[in-house]
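Heads up, the thing below is written out as structure tokens.
Please treat every number below as a calculation from the coordinates, not as lab data. Note that the structure is predicted; figures quoted are calculated from it, not measured. So basically every Cβ, Gly included, is an ideal-geometry build from the backbone, and we count neighbours across all protein chains shown.
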Amino acid sequence: MIGFWLINLLPPGAPLTFDLNTPTGLWTFERSTACPTLEPKMLKDGACGNTYAIEFRLPTDSTRSAVADTAFDEVLPICLAASFVTGAAVTIRDSLPSSEARFMQVGPHFPRARGIADPVACVDTLTNPNSARQRLG
């Protein structure tokens, strides 16, 4: 498993968990127990905090190393997309304790950890309105 703390992710509805299916596989997001306390400070004062853990389960076969490399390549686009849709500066901080990989330092191409008071989100739901139509039709 590879996993990191996401800073400043406040998705609509602040679900306890949600998944993101990418070309490489499934990323699972789990809300921090500190999120309910952090959220008001983040929205009002522009504070930063670890709001969600993000995890990717690696396969156990010979593709493990290649899949891990590809999954790492998805972390930056996930942060940039999350920043865009939430209006906040979403980035990674520390690796999770059970992660097989560790960041020594996040590169300059990642959004820097900064608070944005009163972020303006582009979405108000995590549900894709087209997904129901695709399943039904």
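Report the full-extension gain for the segment ASP61 to ASP94: residue separation times 0.36 nm, less the Cα-Cα distance, to one decimal in nm.
9.2 nm
Under 5 Å between amide hydrogens, which residues at least 5 positions from LEU58 or on another chain qualify, with H placed 1.01 Å from N in the peptide plane?
Residues meeting the amide H criterion: ILE2.
So what are the ³J(HN,Hα) numbers for the range 59-76, from phi and the Karplus equation (6.51, -1.76, 1.60; θ = phi - 60°), rounded to whole Hz, Gly and Pro as x?
x, 9, 9, 5, 8, 3, 5, 5, 5, 4, 4, 5, 5, 4, 5, 7, 5, 4
Using per-residue counts of other Cβ atoms within 10 Å, averaged over each peptide, order 45-58, 69-82, 23-36 from highest down.
Ranking, from highest mean packing down: 45-58, 69-82, 23-36.
Residues with amide H under 5 Å of ASP94's amide H, sequence separation 5 or more or different chain, H placed in the peptide plane at 1.01 Å from N; which?
Sorted by chain and number, the residues that satisfy this are TRP5.
Could you work out the local net charge near THR22, counting Lys and Arg as +1, Asp and Glu as -1, over the other residues with Cβ closer than 15 Å to its Cβ?
-4
For the range 12-18, what does the Karplus curve 6.51 cos²θ - 1.76 cosθ + 1.60, with θ = phi - 60°, yield as ³J(HN,Hα) per residue in whole Hz, taken in order and with x for Gly and Pro?
x, x, 6, x, 4, 9, 7
For a Förster distance of 22 Å, can you work out the FRET efficiency between the beta-carbons of LEU80 and PHE18, rounded to the nearest 0.05? Present the calculation step by step, with values, prior to reporting the outcome.
Values: r = 18 Å, r/R0 = 0.82.
Step by step, r from the Cβ atoms, then E = 0.75.
Read phi for every residue in the range 36-51 and hand back ³J(HN,Hα) as whole Hz from Karplus 6.51 cos²θ - 1.76 cosθ + 1.60, θ = phi - 60°, with x for Gly and Pro.
Using θ = phi - 60°, the values come out as x, 7, 6, 3, x, 5, 5, 6, 8, 9, x, 6, 10, x, 6, 9 Hz.
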